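*Asks:* Here it is: the structure, laid out below.
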C-alpha cells in the first residue's frame, strides 16, 4: 500500500457494507479474527496488519500514530471501499481517530473499543500496571495471542511506538471527528477506565457509549459475540439501506 507494506485479511465482497478493523500497539489483525468472523456474516470485513506489525516487514523506523492513520486511509482507498465503518482497539482507537479527523469524507462512522491513552495513566509505569491487571483478567488464549504478537514486534520497536502513543492526544483529536462514533469498553477493563471513555464521548461532536458487562480489554478476541451485539445497532444504522455518511456540524 503505497510506501508501506500492509497485510490484509478480508472477505473482499465489495457488494456488502465494509468494516475495517485496526489493531493496537504490538498487535495484528490476528486478535480481531473472532470478531471478524461474527461480522463477516453481514459485512465485508478487513483486518489489517499495519507496517511493522504482525506479518508485515518493518519500515525503516517506527511510524507515528498520525502516520499509521494515513496508512489506514490509503488502504481503504486502495481497496476501493465505499464509506466503511472504521473500528479500532486500544491504540488502534488513536489511529482511527486520526484517520477520521484527517479524512472526514472517508467513512460512514467509527467505533473505538477500549481506547487509549487515559490521561490519568499517561506514563510507562502506569500503563504497565494497567496492562498487568488486564492480563490477569484475560483468558489464556487471549494472552497467548497478545504475547506472541509482542514478541514478534520486539521490545525496541514497541518502546519507540509507545513514545508516539503517549505523545498522541486522542482527547484533542476526537474533537475533529465529525462522523458519528461509538465508544465501547468492557466493564472490567483497567486500561480504558469508565471515566476516560465518558470523557471521550463528551468531547466527540457525535458519539455514544456502550459497555460490555464483565468484559476485560480484549473484547474483540474473548467476547466477540457480546461485542458484536453491542455494536450492531450503530453499525447497522451507518451501513443499512438508505444510510448516508454524514458529518455533524455541531461545534466542539
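The values are calculated or read from the model by the stated rules, or taken from the named source; none is laboratory data. Computed from a predicted structure; not experimentally measured. Note that each Cβ is placed from the backbone with ideal geometry, even for glycine, and that neighbours are counted across all protein chains shown.
*Asks:* Condition first: surrounded by 22 or more Cβ atoms within 10 Å (Cβ to Cβ), in contact with a strand residue (DSSP E or B) (Cβ under 8 Å, 6 or more places away or on another chain) and farther than 15 Å from residue 28 by Cα. Can you find one or more residues in region 85-93 that meet it?
*Replies:* Looking for residues that are surrounded by 22 or more Cβ atoms within 10 Å (Cβ to Cβ), in contact with a strand residue (DSSP E or B) (Cβ under 8 Å, 6 or more places away or on another chain) and farther than 15 Å from residue 28 by Cα, one finds at least one in region 85-93, hence yes.
*Asks:* Of the residues 68, 21, only one is modelled with pLDDT of 95 or more and either surrounded by fewer than 20 Cβ atoms within 10 Å (Cβ to Cβ) or under 21 Å from residue 219 (Cα atoms) (or both); which?
*Replies:* Only one candidate passes the filter, namely 21.
*Asks:* Okay, next question. Can you tell me how many residues in region 192-225 are closer than 20 Å to residue 31 by Cα and touching a residue at least 40 places away in the same chain (Cβ under 8 Å)?
*Replies:* 10
*Asks:* Return yes or no: is residue 178 part of a helix (DSSP H, G or I) and under 29 Å from residue 103 (Cβ atoms)?
*Replies:* In short, no.
*Asks:* Related question: Can you give me the ranges of the helices (runs of 4 or more DSSP H) entirely in region 72-175 with at least 1 residues that are farther than 27 Å from residue 60 by Cα and without any contact (Cβ under 8 Å) to a residue 60 or more places away in the chain?
*Replies:* 124-137, 140-153, 170-173
Matching residues to (1) over 23 Å from residue 150 (Cα atoms); (2) under 15 Å from the mean Cα position of the chain (by Cα); (3) not in a helix (DSSP H, G or I):
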| position | (1), (2), (3) |
| --- | --- |
| 4 | no, no, yes |
| 13 | yes, no, yes |
| 20 | no, yes, yes |
| 36 | no, yes, no |
| 53 | no, yes, yes |
| 56 | no, no, yes |
| 61 | no, no, yes |
| 66 | no, yes, no |
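*Asks:* Of the conditions (1) modelled with pLDDT under 95; (2) surrounded by 16 or more Cβ atoms within 10 Å (Cβ to Cβ); (3) farther than 18 Å from residue 50 by Cβ, residue 145 fails just one. Which one is it?
*Replies:* Of (1) modelled with pLDDT under 95; (2) surrounded by 16 or more Cβ atoms within 10 Å (Cβ to Cβ); (3) farther than 18 Å from residue 50 by Cβ, only one is false for residue 145: (3).
*Asks:* Do we find that residue 55 is modelled with pLDDT under 90 and under 20 Å from residue 159 (Cα atoms) in this structure?
*Replies:* Spelling it out, residue 55 is indeed modelled with pLDDT under 90 and under 20 Å from residue 159 (Cα atoms).
*Asks:* Here's something else I'd like to know. Working only within region 159-184, note down all residues that are over 15 Å from residue 110 (Cβ atoms) and surrounded by 17 or more Cβ atoms within 10 Å (Cβ to Cβ).
*Replies:* Once the filter is applied, which keeps residues that are over 15 Å from residue 110 (Cβ atoms) and surrounded by 17 or more Cβ atoms within 10 Å (Cβ to Cβ), region 159-184 yields 161, 162, 164, 165, 168, 171.
*Asks:* Still on this model: Can you tell which of 35, 53 is crowded, with 18+ Cβ neighbours inside 10 Å and within 18 Å of residue 219 (Cβ to Cβ)?
*Replies:* Result of the check over 35, 53: 35.
*Asks:* Search region 123-135 for residues being closer than 14 Å to residue 25 by Cβ and touching a helix residue (DSSP H, G or I) at 6+ places or on another chain (Cβ under 8 Å), and hand back the single one that is surrounded by the most Cβ atoms within 10 Å (Cβ to Cβ).
*Replies:* Per the criteria, the residue is 130.
*Asks:* Based on what the data block shows, is residue 96 under 19 Å from residue 212 (Cβ atoms) and buried (at least 24 other Cβ atoms within 10 Å of the Cβ)?
*Replies:* Yes: the conditions hold for residue 96.
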